[in-house]
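Structure record follows, encoded as structure tokens.
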Amino acid sequence: MVRRKGIEMIIKQFQLYTGKLQEQTTFEDRLPVFTGKFEESWFDVQDASPEELRRVLTPLDLHPLQLTRCMDSVNDPGVISFGKSLLMEYPAAFNSELTDLAYLSILMKDNILVTIRHGLMPALDGLIQELRGDSAPQLLHLPQIIYMILDVFADLNAEAQVMIRDQILLLSNNLADNPDIVSSNDLSRLRSQVEILVSHVENQLYCISGLNASDNDILQDPHRKAYIQDILSETEITQRGVYHLEARVRDLYNDYQSVGSDRVEKRLRLLTIISAITLPLGLIAGLLGMNVGGIPGSTSDSGFIIVSGLMAVIIMVQYWYFKRRGWFD
């Protein structure tokens, strides 16, 4: 994921206070100091370079592997847990037009939650706005925010499924009613979208499974574990749904090929009929056009009319025969 040029790093701090999420603006602009003086706090980092991330995260005293993964610009989904720190790199917003999808590094240690955005995430902005609203649910602890983030991205997957399902239905109807308006590019684009979504959901399921299997103390509370298992079940259902979409696209592609084969077969059948009709006419014209003596009707004034009538009769007989045999169906 490439950092956008000309964009400076943004760090927003939120604090849990009496069950509400409140934004704080009292720390330094660029480098908040992670110390025990904070209550449960959430730091949301955007558009940070690797060096800026190093400066921001160094006070947390992370394991070197966790620090390296946070700074890495390659999306490598998974969960890394060392001691009291937990890192999860999670695929975020699905975008059918991109193969390099956004992902979110979620880091938790003690009373600190850090989310590092790699790419644009308007859904996360919407969640923050919702959590700061008057009708926001009561927040009991930081892991609850993690569950809500994961749930928001799960909802995006459901929306993506509905979008692709509607596209499949539209192409299927067009293929049945007017096959000529459906192109192979339409199917290739749809199949690419489904493949991206399948990979996206598989990576998410891998992350959540790792989160569920983690022995980190932060997640051992039975109530918190239940939230993870609920999200895990939801993601497994989503995975089965996208596999079903994949099968439907495959069937749609097979139907498209069948329609194309039928179209080619009809054209070849028409060419065969035309060839069958013109073959005896060409034979007659060739025989009567020979420059030799004794050609029948060559000295008769009505010879041309007789030959033309004979050819017309042959055409009508052949048409009747092919029509009766169903060659024009």
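The values are calculated or read from the model by the stated rules, or taken from the named source; none is laboratory data. Computed from a predicted model, the values in this text were never measured in an experiment. As a convention, Cβ positions derive from the backbone with ideal geometry for all residues, glycine included, and neighbour counts pool all protein chains shown.
Assorted remarks:
- If you go through the range 1-28 and keep only what is outside any strand (DSSP E or B), over 25 Å from MET71 (Cβ atoms) and either at pLDDT 70 or above or among the basic types (Lys, Arg) (or both), you end up with THR18, GLY19, THR25.
- Residue match in the range 196-213 (condition: surrounded by 14 or more Cβ atoms within 10 Å (Cβ to Cβ) and within 13 Å of ARG248 (Cβ to Cβ)): yes
- For the range 275-307, the tally of residues that are surrounded by 10 or more Cβ atoms within 10 Å (Cβ to Cβ), in a helix (DSSP H, G or I) and either under 60 Å from the mean Cα position of the chain (by Cα) or not aromatic (Phe, Trp, Tyr) (or both) stands at 17.
- Exactly one residue among VAL307, VAL292 is farther than 30 Å from GLN161 by Cα and out of contact with any helix residue (DSSP H, G or I) (no Cβ under 8 Å at 6 or more places or on another chain), and that residue is VAL292.
- The range 112-137, residues that are free of Cβ contacts under 8 Å to residues at least 60 places away in the same chain and not small (Gly, Ala, Ser): LEU120, MET121, PRO122, ASP125, LEU127, GLN129, GLU130, ASP134, PRO137
- Residue that is part of a loop (DSSP other than H, G, I, E, B) and within 26 Å of ARG240 (Cβ to Cβ), where the choices are LEU101, LEU120: LEU101
- Unique residue being touching a Ser or Thr at 6+ places or on another chain (Cβ under 8 Å) and of a type in the set (Asp, Glu) when the list is ASP217, ASP255, ASP230: ASP255
- Of all the listed residues (ASN185, ASN203, ASN173, ASN157), the sole one being part of a helix (DSSP H, G or I), free of Cβ contacts under 8 Å to residues at least 12 places away in the same chain and within 17 Å of the chain's Cα centre (by Cα) is ASN185.
- Search result, residues across the range 159-190 that are out of contact with any Gly (no Cβ under 8 Å at 6 or more places or on another chain), surrounded by 13 or more Cβ atoms within 10 Å (Cβ to Cβ) and within 23 Å of TYR103 (Cβ to Cβ): ALA160, MET163, ILE164
- Restricting attention to the range 214-229, the residues that are in a helix (DSSP H, G or I) and either touching a residue at least 12 places away in the same chain (Cβ under 8 Å) or over 19 Å from LEU150 (Cα atoms) (or both) add up to 8.
- Options VAL317, VAL264; residue that is within 60 Å of the chain's Cα centre (by Cα), under 30 Å from SER172 (Cα atoms) and either assigned to a helix (DSSP H, G or I) or modelled with pLDDT under 80 (or both): VAL264
- Take the conditions (1) farther than 22 Å from LEU57 by Cβ; (2) crowded, with 20+ Cβ neighbours inside 10 Å; GLU130 misses just one of them, which is (2).
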